[in-house]
1. Would you mind finding the one in Asn323, Asn262, Asn283, Asn254 that is in contact (Cβ under 8 Å) with a residue 40 or more places away in the chain and within 26 Å of Thr222 (Cβ to Cβ)?
2. Could we say that Leu223 is over 14 Å from the mean Cα position of the chain (by Cα), open to solvent by 50 Å² or more (accessible area, probe 1.4 Å) and among the hydrophobic types (A, V, I, L, M, F, W, C) here?
3. Does any residue of the range 248-264 turn out to be open to solvent by 40 Å² or more (accessible area, probe 1.4 Å), hydroxyl-bearing (Ser, Thr, Tyr) and within 21 Å of Ala328 (Cβ to Cβ)?
4. Can you run down the residue pairs with Cβ atoms below 8 Å, 6 or more apart or on separate chains, where the first is in the range 293-316 and assigned to a strand (DSSP E or B) and the partner is acidic (Asp, Glu)?
5. What's the number of the only condition in (1) in contact with a strand residue (DSSP E or B) (Cβ under 8 Å, 6 or more places away or on another chain); (2) at pLDDT 95 or above; (3) surrounded by 21 or more Cβ atoms within 10 Å (Cβ to Cβ); (4) not aliphatic (A, V, I, L, M) that Gln232 fails to meet?
6. Quick test for you: out of Arg124, Arg202, Arg148, Arg160, pick the one residue that is open to solvent by 40 Å² or more (accessible area, probe 1.4 Å) and basic (Lys, Arg).
7. Looking at the range 173-199 only, could you name the residues that are over 17 Å from Ile155 (Cα atoms), out of contact with any Ser or Thr (no Cβ under 8 Å at 6 or more places or on another chain) and crowded, with 16+ Cβ neighbours inside 10 Å?
8. Quick check on the range 278-296. Is at least one of its residues over 24 Å from Leu204 (Cβ atoms), at pLDDT 95 or above and either open to solvent by 50 Å² or more (accessible area, probe 1.4 Å) or more than 19 Å from the chain's Cα centre (by Cα) (or both)?
Amino acid sequence: MAMPFSRRARFALLPLAAVSLTAFLPQTALACASCGCTLSSDWDNLGIGSSSGLKMDLRYDYLDQNQLRSGTGKISPAAASQISHNGDPQEVEKYTRNNYLTLGLDYSFNPDWGINLQLPYIMRSHSTLGTASDGITPGAGGGQYDSRTSSIGDIKLIGRYQGFTPEHNFGILFGVKLPTGSHTDTAMSSDPTAPGPVAIDRGLQPGSGTTDAILGVYYMDTLSQNLDYFAQGIVQKALNSSDQYRPGDGANLNLGLRYVGNSSFTPQIQLNLRRVLHDVGANADTISTGGTLVYLSPGINVPISQQVSLYGFVQLPVYQKVNGVQLAPRYTATIGARYAF
């Protein structure tokens with residue numbers, strides 16, 4: 001049975017009203033890979049979610065997708081090059097390096113209602129051997145290219161309501177992802193038989209081109225005097241297609257536990273689960289997209305002052321099952337800072 005809320009516990013838990021909106025941000029390409037992008041970083045906003053006001057969060061995420069996987073195991077580039085899908089050879093990708101800088105603005109109108117805006121800036125480099133390689137060198141006519149993009153991604157605007165209980169520890173999320181990021185970026189072909197600009201894969205574009213609906217629910221409570229926990233579920237579904245492409249529907253589940261008995265820093269650990277379906281459409285990779293991912297994420301929050309705090313996480317894969325052949329990271333890293341006005 002959950003313990004009654006003390007004043008300290010309420011202030012420790014209510015900040016999840018900001019409710020981990022970065023748990024499903026930034027948007028990460030699944031056309032090239034599976035990655036850990038479900039991390040929640042807003043749980044540590046102590047004392048903010050219980051009253052009205054504005055807060056700002058600046059977060060950096062690093063994901064180096066450099067490991068080819070198929071199903072639940074690794075696969076060599078040479079083995080991947082031998083796979084055929086209804087006569088079409090498998091593309092063999094070399095790497096996708098993602099750097100995300102996300103600005104979050106959160107405003108609480110009162111203890112019941114709030115809104116959150118997430119603006120990502122995406123810096124991504126990608127290299128592929130194409131579909132005619134031996135896993136080591138590209139082949140003629142394989143569509144190989146190297147790309148580098150740096151631009152604004154898709155904005156997310158999320159509202160929340162948490163007035164169901166006196167403790168404000170249960171709430172819902174509702175919002176949209178808007179098609180503000182480009183989905184028409186090009187790269188220079190490295191195939192001598194087909195020189196010139198080529199379209200970057202849709203799943204690697206800064207934006208999806210679609211408007212998505214986002215719905216979520218969360219709950220938080222205390223286990224003991226010094227231990228808090230939360231649970232959060234979120235689904236995201238594209239409401240339309242764009243240029244014969246629609247990203248696969250996704251669902252996240254986040255579970256977190258933290259120790260609040262030390263005023264100098266707050267250690268915590270999360271279990272992050274993500275399930276994504278195949279992308280859909282004539283311009284989508286309908287085979288090597290989507291999958292099921294489970295990550296264990298230890299982290300720490302360090303208060304600098306009453307208004308400023310810093311945080312950091314490392315996300316480690318404990319289970320990865322990808323559709324087709326995809327690139328996946330060996331780990332992801334997150335650092336951030338938040339300021340309460």
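The values are calculated or read from the model by the stated rules, or taken from the named source; none is laboratory data. Predicted model only: the values in this text are computed from it and were never measured. Because the Cβ atoms are built from the backbone with ideal geometry, glycine has one as well, and the counts that use them run over all protein chains shown. What goes into the accessible areas is simple: the full protein's heavy atoms, side chains included, and nothing from ligands, DNA or RNA. Shrake-Rupley method; radii C 1.70, N 1.55, O 1.52, S 1.80 Å.
1. Asn254
2. yes
3. Looking for residues that are open to solvent by 40 Å² or more (accessible area, probe 1.4 Å), hydroxyl-bearing (Ser, Thr, Tyr) and within 21 Å of Ala328 (Cβ to Cβ), one finds none in the range 248-264, hence no.
4. The qualifying pairs are Asn301/Asp44; Ser309/Asp44; Tyr311/Asp44.
5. It fails just one condition, (2).
6. Within the list Arg124, Arg202, Arg148, Arg160, the selection yields Arg148.
7. Ser189, Ser190, Asp191
8. Within the range 278-296 (the criterion being over 24 Å from Leu204 (Cβ atoms), at pLDDT 95 or above and either open to solvent by 50 Å² or more (accessible area, probe 1.4 Å) or more than 19 Å from the chain's Cα centre (by Cα) (or both)), the answer is yes, since at least one residue qualifies.
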